[in-house]
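Down below is the structure, laid out as C-alpha cells.
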Amino acid sequence: MTAVSSTLLTPRLTAVVAHNWKLAIAVAVVVSAISMAGLPAAVSFWVVGAAAALVAAAFTVNAYRRHYFGALLVAPAIAVLFVMNIFPLLWSLGLSFFAYQANQQTIRFVGLGNYVRILTNDLAAHATWGALINTAMFVVFTVSAQMIVGFLLAILFAKQFPLRKYLLILVLTPMMLSVVASGVFFTYYYDPTFGILSYVINSISGNQFILMSNKVGAVAGIVFADAWMWSPFVMLLVLAGLVSVPKYLYEAAAIDRISSWRQFWMITFPYIRGLLMLALLFRTIEAFKLADLVILLTKGGNDTLTISYHLIRIANEQNKTSEGAAISYLMLFMVIVLTNLYLYLANRRTKGA
Amino acid sequence: MAESILGKLGFGRASGVDKAGWGRTLGVAIVAFIYFLPVLFIIFTAFKPQGDALLVPPTLSPTSLFGLIPDHFVFKPTLENFGSVFSRSMTPDGAPEATGFDRYFFNSIFIASASVLLALVIGTLAAFGFSRYPLKGNDTYLFIILTTRMLPAIVVIIPVILMFRVVGLSGSYLGIIMLYTAFNLAFTIWMMKSFFDELSPDVEDAARIDGSSGMRVFFKICLPQVIAGLAATFVFGLILTWNEFLFALLLSGPDTRTVPVAMNQAVSSGGRGTDWTLLAAIETLFLVPVFLVTFFLQNHLLRGVTFGTVKR
C-alpha cells in the first residue's frame, strides 16, 4: 500500500511517467512557443492544440490514478467551454490592445489606443456613445414592457382550468418563431402602404400614417416586437414562482381577512421575488445584446443603432477587428457591472427582509 | 387534465394552484388568441395565393365562418407555397429548380439536436461531478460557467471567426456544433446539478456499500431519477438553438447553412422585394418541429426555464 501511494505522490519534474503533468506542461509551453515563433499560424495552431491535449491527457491519467472522479467528470465540459468561450475571450482581450484588421496582414501594438479611440475620438466616440444611449433606452423600455406583460400573463395562467395546456402553448409560440421571420413580418405589419397597422389608423384618422418615419415610432415598433416575442419567457419564470406558493398561506390570509392587495405583497411577492430578479437579469442581458430586430426593422435608421449592431458593423462590415474587440470588452465590462449590481441589490433586499 | 402540468412537476395539492372553471378558460382564450394573432397571420399567409399577399386591406381568413367575415377578407387557401419552398423557378419564366431547402432543414435539425444532445451528455456528467465530488473551489467554477452564459455571445464572435478561419472549421458542421454545445453547456450544468442535488442520498449510499462502482451508481440509480430534468433541459436548449441566427449567419458555409440563414437569403435576394407567401411557408414548416417538441415536453418547460431554481 505504501509503495503504491509513494509512486502516486507528485513525481519529480524530470520523471517520464504518464501522470507527470508538470513535465507535460513544461514540454507543452516550450513546444508551443517554438512552433508559434517558427511555423505558420495554421500549422502552429494544431501543434499548440496537440500540446494542450498532452497536458489534458497527463491530468486525466493523474486524476484517474488518484481517484479524482470529480475532476474527470467535469473535465470535458471545462475543455469545451475553454476552447469555445474562455480562449476566444482572452484572444479578443489581447486583440483589443493591437491595431489589426481582419482583411490586412499588418498588426501593431497600440496599448489602450483602441479604448481611447472608441471613447474619446470625435467620430468613433460619437457613434459609441450614441449607440450606448440607444441601447440603454431599449433596455429600459423592452425589459419593463416584458416584465409587465409577462407578469400579467402569468397571473392569468396561475390557475388550473380546462384546456390550460393548449392555451399556454399558444402564448409560448412567439418565443419559438425565428426572429428573421417575425422581424420581417413586423416590417409588413408596420408597412405604410400594405401594413395592417397603417390600414387601421388610416381608416380611422383619414391621414397617411407611417410608424417608422421618426425615432419615437421606430423605437416603439422595435420595443413592441421584442416585448411580444419575449414576454412569454418572463411569464414562464413568474408562473413557476406563482405555483410554488404554498396554499395554506392563502387560506390563513383568508381567515384573517387580509385584503388581496396586502395578500399579494405579504405572501405572493416574497415567493416570486427571486424569479423576478432572474427574469430581470436574463432579459436585461438579452436586451443589451439586441441587434437582429434592429437590423431587420430599421437597419439602424432613425437613430436606433444599438451597441451590438454597432459592433457587428465595425467588426464584420468594416473589418476593424481590434476596434470591435475593444467595444466588446466595453460591453462585457458593462454586463458584469450590471449583473453584480442586480445580485448585490437582490442579496441586500433578502437580508433586509 | 386534472393533474397536468403542475401535478407532474410535484406542485401538487399543497401549492397555490386553485382550480378554475370554463369562465377562466374563455377569458384566457381571448387573451391567448389576441397574443397568437401575429403568428396566426403568418401561418395563414403561408396558405394564401401569391397575388393575395399584398392586398389592401389584407385578406384575413381562409373561410368566411358561415358568412361572419365579409367576402373581401377571405382568401382561397392553397398549398403551392409549400411546394415552392423546395422547388421554384428562379427567373421569371425559367423551369423550377431545387432550392436546397431540404438540405437546410436537415442542417437545422442535425445541428440543433446534435449540439443540444452533446451538451446534455457532457453537461450531465459535469453536473454529477460538481454535485457528488465537489472540487476545491467548486462554487468558483460554477460561477465562471454561469458567466459564460451571461456574457453577450457577440463578445466571443470575432475571435471565434478568426479561430475557425485559421483552423479551417469555418463552414463545417463540427465548428458550429461545438460552438452551440458550449453555449448550451452552462445552463445544462446548472440545471442538472440542481436535479442531482435534490436526489435522496440513501439509495446511492446503500448501493455504494453493496460495492457498486461510481459508474453503476450514476447509470442505474441517479440517471433514471432525473429523466424529467433531462427533458426540461432538452426542450429549453432546443428553443434557444433552433432559431439562433447571428452565429449561423457568420459561421455556416453553403453546405451547413441553417434555415434561419437560408430564409433570410431567400426573402431578401433578387431585389424583387420580400416574397411574403414564401417566407411564411418556410417559417410555418420551420415552426412545426419545435412546436411539437415543446408541446409534448411542455410539462417540463416550467421547471427548465427557471434554471432549476424552483424547488419542490
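The values are calculated or read from the model by the stated rules, or taken from the named source; none is laboratory data. Keep in mind the model is a prediction, meaning the values are calculated, not measured. Neighbour counts run over all protein chains shown; Cβ positions are idealised from the backbone, glycine included.
Taking the stretch A:240-269 only, how many residues are out of contact with any strand residue (DSSP E or B) (no Cβ under 9 Å at 6 or more places or on another chain) and not in a helix (DSSP H, G or I)?
Total meeting the criteria: 4.
Restricting to the stretch A:282-293, count the residues that are in a helix (DSSP H, G or I) and without any contact (Cβ under 8 Å) to a residue 60 or more places away in the chain.
Within the stretch A:282-293, residues that are in a helix (DSSP H, G or I) and without any contact (Cβ under 8 Å) to a residue 60 or more places away in the chain number 3.
What number of residues within the stretch A:234-281 satisfy the criterion of being of a type in the set (S, T, N, Q) and either at the interface with chain B (Cβ under 7 Å from one of its Cβ atoms) or touching a residue at least 24 places away in the same chain (Cβ under 8 Å) (or both)?
Taking the stretch A:234-281 first, the residues of a type in the set (S, T, N, Q) are A:244, A:259-260, A:263, A:268.
From the residues that got through so far, the ones that are either at the interface with chain B (Cβ under 7 Å from one of its Cβ atoms) or touching a residue at least 24 places away in the same chain (Cβ under 8 Å) (or both) too are A:244, A:268.
Within the stretch A:234-281, residues that are of a type in the set (S, T, N, Q) and either at the interface with chain B (Cβ under 7 Å from one of its Cβ atoms) or touching a residue at least 24 places away in the same chain (Cβ under 8 Å) (or both) number 2.
Can you give me the number of residues within the stretch A:47-70 that are facing chain B (nearest Cβ under 8 Å) and buried (at least 19 other Cβ atoms within 10 Å of the Cβ)?
Here the count works out to 1.
Name the helices (runs of 4 or more DSSP H) wholly within the stretch A:10-101 that hold at least 2 residues that are in contact (Cβ under 8 Å) with a residue 24 or more places away in the chain, outside the structural domain of A:Q318 (by the TED database) and among the aliphatic types (A, V, I, L, M)?
Filter on the stretch A:10-101 gives A:21-38, A:41-65, A:87-95.
When only residues in the stretch A:169-188 that are more than 7 Å from chain B (Cβ to nearest Cβ) and more than 23 Å from the chain's Cα centre (by Cα) count, which is farthest from A:V245 (Cα to Cα)?
Filtering first and then ranking leaves A:T187.
Which of the residues belonging to the stretch B:72-130 are in a helix (DSSP H, G or I), charged (D, E, K, R) and over 28 Å from B:L251 (Cβ atoms)?
Of everything in the stretch B:72-130, just one residue is in a helix (DSSP H, G or I), charged (D, E, K, R) and over 28 Å from B:L251 (Cβ atoms), namely B:E80.
If you go through the stretch A:190-206 one residue at a time, do you hit one that is more than 9 Å from chain B (Cβ to nearest Cβ), touching a residue at least 24 places away in the same chain (Cβ under 8 Å) and either under 26 Å from B:A46 (Cα atoms) or surrounded by fewer than 16 Cβ atoms within 10 Å (Cβ to Cβ) (or both)?
yes
Six or more apart or on different chains, Cβ under 8 Å: which pairs go from a residue in the stretch A:104-130 that's more than 22 Å from B:L162 (Cα to Cα) to one that's in a loop (DSSP other than H, G, I, E, B)? Could you list them?
Pairs found: A:A127/A:L305; A:G130/A:D303; A:G130/A:L305.
List the pairs whose first member sits in the stretch A:323-344 and is without any contact (Cβ under 8 Å) to a residue 60 or more places away in the chain and more than 10 Å from chain B (Cβ to nearest Cβ), whose second member is surrounded by 24 or more Cβ atoms within 10 Å (Cβ to Cβ) and β-branched (V, I, T), and whose Cβ atoms are under 6 Å apart, counting only residues at least 6 apart or on separate chains?
Hits for this filter: zero, empty list.
Within the stretch A:194-226, which residues are in a loop (DSSP other than H, G, I, E, B), of a type outside the set (S, T, N, Q) and farther than 17 Å from A:L296 by Cβ?
If the condition is that a residue be in a loop (DSSP other than H, G, I, E, B), of a type outside the set (S, T, N, Q) and farther than 17 Å from A:L296 by Cβ, then A:G206, A:F209, A:I210 are the ones that fit.
Hey, can you tell me all the residues within the stretch A:292-322 that are in contact with a Phe, Trp or Tyr (Cβ under 8 Å, 6 or more places away or on another chain), at the interface with another protein chain (Cβ under 7 Å from one of its Cβ atoms) and within 25 Å of A:S178 (Cβ to Cβ)?
A:D292, A:S308
Tell me, which residue of the stretch A:294-338 that is assigned to a loop (DSSP other than H, G, I, E, B) and not polar (S, T, N, Q) is farthest from A:V223 (Cα to Cα)? It would help to see each step written out before you state the result.
Filtering the stretch A:294-338 down to residues assigned to a loop (DSSP other than H, G, I, E, B) leaves A:298-306, A:318-320.
From the residues that got through so far, the ones that are not polar (S, T, N, Q) too are A:299-301, A:303, A:305, A:320.
Values: A:K299: 15, A:G300: 14, A:G301: 15, A:D303: 14, A:L305: 13, A:K320: 30 Å.
Out of the qualifying residues, it is A:K320.
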